[in-house]
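Trainee: Below you'll find the structure I mean.
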Amino acid sequence: MTATSARKVAVIGSGPSGFYASEALLEAGAEVDLIERLPTPFGLVRFGVAPDHPKLKSVCQNFTQIAGHERFAFFGNVTLGRDVTVDELRGFYDAVVIASGSSTDRKLGVPGEDLRGSWSATEFVSWYNGHPDFRGRTFDLSCDAAVILGHGNVAIDVCRILSKSVDELRQTDICAHALEALAESRIRDVHLVGRRGPAQAKWTAKELREIGMLSEADVVLGESDLALGATCEAELADLRGVAAAQSFKILRTFEGRQRERAKAIHLHFNLSPRAIEGAGHVERAVFDRCSLSGGAFSQVAEPTGETVSLTAGAVFRSVGYKGVATDGVPFDGRSGTIPHQRGRVMDGAAPAPGLYVAGWIKRGPSGVIGVNRACSLETVESMLADFADRPSQAPGRAALRSSLAARGVRPVDFTSWSRIDAAEVAAGAALGKPREKFTSVDTMLATAFGGVETVSQPCCA
Amino acid sequence: MTHVVTANCQACRFTDCVTVCPVACFHGDEERLYIDPDVCVDCSACIPACPVGAIKEEFDLSGDEEEWIQINAEKASDLPVIRSKQPPLPTADARRSELGLN
């Protein structure tokens, strides 16, 4: 493909799936414009990955390398639907890839879910990771015990952040405002509660092992918690159960541990949330004790009739994320995803021409960062097949630029983001941490456009 | 800590793992793949991607598998990065059956 006939593609969302789609498109000779609502790139790597997992965040270096490609441009601070519409983009580009992720949380659907003191893990994670939309939230951590609902990696992240000492967290890129609030936390007991059994937990072995190695907290298991039925045994022996078997091995090492440290992480299985109760504020979470029924890999939790109550002043609901609809794009509200066939957006039975989808908004909110690479590769493969030998018809970048300019929108390009990046790293260095994130869009923009190298109190701006 | 490709990759080389690696840490020769421990970010995405369960966290290796730590490190440094899925070796299916993993 020569430069003059390069396909022009817009990718919406600069998280992992957006960057991996961009990478594959650039390798195929396309010109790629990556559009992002915030002035900062990297999506959930910035706002989701836990601050005490710095190694995972090093994928940002790979993304930065992708962004350095001569046919790539970043358009940060551009909101879809307000600054430009999907229909306009479809006119400007040969193809549009929606990679907007799953930005909201799934509801539990039980009474008391919205009581004061009951939050989604999404809110809490976004807050301690400095997402501008969540900067104003407050979390009352003055109670003794917290319940975390869900047995996935996000639930474990929340559990770890609540169980680590502030001194341990101080050296991470956790936001200053969160560190201050966590320093005041009186939570000593964290209950990590799952609806199904130890063989069905969705966390990865590595995350589970980590909570067994904390300096200030012990993992505590109930006596018969790890008893498995024959169907669970069969799941763990199956190749599809490799990850669960690995995690089960680690759970076994937790058995019989005594509480010796100040804090405890209590693992609970087979408890399905029934209600969150309290007079104006969370006081307890009530569960149906369940047993599993059904065949291997499709077992469901059925109430046994017994109820269990856990006293807690805070509840974090970590039962999954959900995508939100984009104007002008088909959407399945039930699954919170965009209907597709191998990445081609489907409008009823027919593909929507020039419209593609990648990442969590395509296949739902599961899978670690790298899984999105395979997902984006599939999407790009479909797109390239659709392009066949048809030359590019689209005006591409120039059309987007002039449209944004006409609306008075000033996009943040990758060089401008580098200024934010450098200023955040400098602000962090002053505090002995890798980075102090800016949490207000105004500060980000002032830094991006003003060429300011450091900002004294970024979190208070 | 790192992840390593162990014995099961030999004669298979399915390469599904490389498509889910976020950081391009896989290297390969004609026979199998290796992980560069200096590049791997320990995300574990590759573990379930391998059809023959060849990839393990360093932490989960049995005593006689520990030799793979050094083999992966040494081989990876000399061999090219593998980023794209390639056809498995002709012996792959036979090997998978032999491992009892069909």
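Trainee: Please report, to two decimal places, log10 I(q)/I(0) for region A:261-364 at q = 0.12, 0.16, 0.23 Å⁻¹ as given by the Debye formula with identical point scatterers on the Cα atoms and no solvent.
Mentor: Debye intensities relative to I(0), on a log10 scale: -0.69, -0.87, -1.13.
Trainee: With respect to the cross-link table entries A:Lys437/B:Lys75; A:Lys57/A:Lys206; A:Lys8/A:Lys433; A:Lys164/A:Lys433; A:Lys322/A:Lys437, which display a Cα-Cα separation exceeding 28 Å?
Mentor: Correct reply: A:Lys437/B:Lys75; A:Lys8/A:Lys433.
Trainee: I've got another one for you. Test of understanding: what is the full-extension gain from A:Lys107 to A:Ala385, defined as 0.36 nm times their sequence separation minus their Cα-Cα distance?
Mentor: Result: 96.2 nm gained on full extension.
Trainee: Taking only Cα atoms, what is the 0 to 90° angle, nearest 10, from helix A:242-254's long axis to the longest principal axis of chain A?
Mentor: Between helix and principal axis, roughly 40 degrees.
Trainee: Further, regarding this structure: Which of B:Glu65, B:Glu57, B:Glu30 moves most in a GNM of chain B, Cα contacts under 10 Å?
Mentor: Highest fluctuation of the listed residues: B:Glu30.
Trainee: Working out 0.36 nm times the residue gap between B:Ser97 and B:Ala24, then minus their Cα-Cα distance, what length gain in nm do you get to one decimal?
Mentor: Here the answer is 23.4 nm.
Trainee: Could I get the Rg over Rh figure for region A:1-65? Both from C-alpha atoms, Rh via Kirkwood, rounded to two places.
Mentor: Across region A:1-65, the Cα-based Rg/Rh ratio is 1.05.
Trainee: Let me ask something else. 7 Å from Cα along Cα→Cβ at both A:Asp238 and A:Glu70: what's the point-to-point distance in nm?
Mentor: 5.2
Trainee: To continue, here is another question. Is the C-alpha gyration tensor of region B:47-96 telling us rounded, prolate or oblate? Criteria: a/c under 1.5 is rounded; beyond that, a/b larger than b/c is prolate, otherwise oblate.
Mentor: It is oblate, given that a/c is not under 1.5 and a/b is not larger than b/c.
Trainee: Still on this structure, I have one more. Among A:Leu310, A:Ser291, A:Gln171, flag the residue with its Cα farthest along the positive direction of the charge dipole of chain A, charges on Cβ as +1 for Lys/Arg and -1 for Asp/Glu.
Mentor: A:Gln171
Trainee: Another one. Give me the one-decimal nm value for the distance between modelled label points at B:Leu79 and A:Val308, 7 Å along each residue's Cα-to-Cβ direction.
Mentor: That separation, rounded to one decimal, is 4.7 nm.
Trainee: Within 10 Å of each Cβ in A:373-380, how many Cβ atoms from other chains are there, averaged over the peptide?
Mentor: For this peptide, the per-residue mean of nearby foreign Cβ atoms is 3.
Trainee: Pull up the DSSP beta bridges for chain A and report the antiparallel fraction as a percent, rounded to 5.
Mentor: The antiparallel proportion sits near 40 percent.
Trainee: Determine the percent antiparallel among the DSSP beta bridges restricted to region A:106-320, to the nearest 5.
Mentor: 40
Trainee: Using θ = phi - 60° and the Karplus form 6.51 cos²θ - 1.76 cosθ + 1.60, what ³J(HN,Hα) does each residue of region B:73-89 get, whole Hz, x for Gly and Pro?
Mentor: My calculation for region B:73-89 gives 4, 5, 5, 4, 5, 9, 10, x, 5, 10, 10, 10, 4, 10, x, x, 5 Hz in order.
Trainee: Using the charge dipole of region A:106-320 (Lys, Arg: +1 at Cβ; Asp, Glu: -1 at Cβ; taken about the Cα centre), state which of A:Val300, A:Ile211, A:Leu239 has its Cα farthest towards the positive end.
Mentor: In region A:106-320, that residue is A:Leu239.
Trainee: Name the long-range amide H neighbours of A:Ala352: under 5 Å, sequence gap of 5 or more, or other chain; modelled H, no Pro or chain starts.
Mentor: Result for A:Ala352 returns A:Val345, A:Met346, A:Asp347.
Trainee: Can you pull the three principal axis extents for the Cα set of region A:304-382, in Å, largest first?
Mentor: For region A:304-382, the Cα extents along the three principal axes come out at 53, 28, 26 Å.
Trainee: Further question on the same structure: Within 10 Å, count the other beta carbons around each residue, average over each peptide in A:270-282, A:299-311, and list them highest first.
Mentor: My ranking of the peptides, most packed first, is A:270-282, A:299-311.
Trainee: Suppose the Debye formula is applied to equal point scatterers at every Cα of chain A; what is log10 I(q)/I(0) at q = 0.08, 0.10, 0.11 Å⁻¹?
Mentor: Log10 of I(q)/I(0), two decimals: -0.51, -0.79, -0.94.
Trainee: Report, as an integer, the average count of C-beta atoms from other chains found within 10 Å of each Cβ along A:363-372.
Mentor: Mean inter-chain Cβ contacts per residue within 10 Å come to 4.
Trainee: Let me ask something additional. Can you give me the angle between helix A:16-27 and the longest principal axis of chain A, using Cα atoms only, in degrees from 0 to 90, rounded to the nearest 10?
Mentor: 30
Trainee: Hey, how much of the P(r) for region A:112-217 falls beyond 17 Å, as a percent of Cα pairs?
Mentor: Cα-Cα pairs in region A:112-217 separated by more than 17 Å: 55 percent.
Trainee: I'd like to know which of B:Ile71, B:Phe59, B:Cys21 lies farthest towards the positive end of the charge dipole of region B:3-89, counting +1 on Cβ of Lys and Arg and -1 on Cβ of Asp and Glu.
Mentor: B:Cys21
Trainee: Between rounded, prolate and oblate, where does region A:316-438 land on the alpha carbon gyration tensor, with a ≥ b ≥ c its root eigenvalues, rounded for a/c under 1.5, else prolate if a/b exceeds b/c?
Mentor: Note, shape of region A:316-438 comes out oblate.
Trainee: Please label the shape of region A:106-320 as rounded, prolate or oblate, based on the square roots a ≥ b ≥ c of the eigenvalues of the alpha-carbon gyration tensor (a/c under 1.5 means rounded; beyond that, a/b larger than b/c means prolate, else oblate).
Mentor: Here region A:106-320 falls in the prolate category.
Trainee: For A:Arg116 and A:Glu180, FRET efficiency with R0 = 30 Å and r from the beta-carbon atoms, rounded to 0.05?
Mentor: 0.90
Trainee: Hey, another quick one. Tell me, what is the Rg over Rh of region A:38-162, with Rh the Kirkwood radius over Cα pairs?
Mentor: 1.03
Trainee: Note the per residue figure in Å³ for the convex hull of the C-alpha positions in region B:3-89.
Mentor: Cα-based convex hull of region B:3-89, divided per residue, equals 80 Å³.
Trainee: Can you compute the charge dipole magnitude of the protein assembly as shown about its Cα centre, using +1 on each Lys and Arg Cβ and -1 on each Asp and Glu Cβ, nothing else charged? Give it in debye, rounded to the nearest 20.
Mentor: 1220
Every read-out reported here was derived from the displayed coordinates using simple, explicitly stated rules and does not represent laboratory data. Everything numeric here is computed off the predicted structure, so don't read it as measured data. Counting neighbours? That spans all protein chains shown, and the Cβs are built from the backbone with ideal geometry, glycine included.
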